[in-house]
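Notes follow once the structure below has been shown.
The values are calculated or read from the model by the stated rules, or taken from the named source; none is laboratory data. These numbers were taken from a predicted model, which means no experiment stands behind them. All Cβ positions, glycine included, derive from the backbone under ideal geometry; neighbour counts span all protein chains shown.
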Amino acid sequence: MTLQDELIAAIRNIPDYPKPGIMFRDITTLLGNPRAFRRAVDELVHPYAGTGIAQVVGIEARGFILGGAMAHQLSSGFIPIRKKGKLPRETVSIAYSLEYGVDEMEVHKDALKPGDKVILVDDLIATGGTAVAAANLIRQLGADIAAACFVIDLPELGGRAKLEALGVEVRTLVSYPGH
């Protein structure tokens, strides 16, 4: 079985969630499948092994799971990007647009150093709003983004293209048509 076939088989599709017309791609079933989870993390990490990644930056919440595993394999640190108000020390924040309004995310002000080589990770890239905001937050702290990694790409929604337009290399493992 190819990697893509195995991952697609491990991802649960939930129609009409969170609203009618949306097909939600649920990776919790992939995370619960030891072989698929291991293969996904290995594939995300492989191109960056030995390249001096200082930190893996994960977007709340599924990016924490993938990012922690990736950081372990890369012998890197892990930095969480959280929703506003969840981090205990001084933070840097950024507002970004969602389909239904505006949200804010933040990272500790001292989490990254200028010149740190980082990988940004989340489970899925769709419209790119969250990922672009996270990339801008990372750059605001002076770190260099080696790549943004996602298990799932929904290319018709344009998020990948938005990140690439910022000069960020994007790595995804499976693509689904539509949204």
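Structure notes:
- Considering the stretch 88-176, the qualifying strands (runs of 3 or more DSSP E), each wholly inside and each with 1 or more residues that are at pLDDT 95 or above and of a type in the set (S, T, Y), run over 91-98, 170-175.
- Whether a residue is aromatic (F, W, Y) and in contact with a helix residue (DSSP H, G or I) (Cβ under 8 Å, 6 or more places away or on another chain) was assessed, and Y17 does not pass this test.
- Considered as a group, the residues in the stretch 39-64 that are touching a residue at least 40 places away in the same chain (Cβ under 8 Å) and of a type in the set (A, V, I, L, M, F, W, C) include one that is surrounded by the fewest Cβ atoms within 10 Å (Cβ to Cβ), and that residue is A54.
- Test: residue in the stretch 25-37 that is in a helix (DSSP H, G or I), basic (K, R) and over 15 Å from V174 (Cβ atoms): yes
- Search result, residues across the stretch 129-179 that are in contact (Cβ under 8 Å) with a residue 40 or more places away in the chain, of a type outside the set (A, V, I, L, M) and crowded, with 16+ Cβ neighbours inside 10 Å: T130, C149, R171, T172, Y176
- For the stretch 88-99, filtered to residues that are under 19 Å from R139 (Cα atoms) and of a type in the set (A, V, I, L, M, F, W, C), the residue that is surrounded by the fewest Cβ atoms within 10 Å (Cβ to Cβ) is A95.
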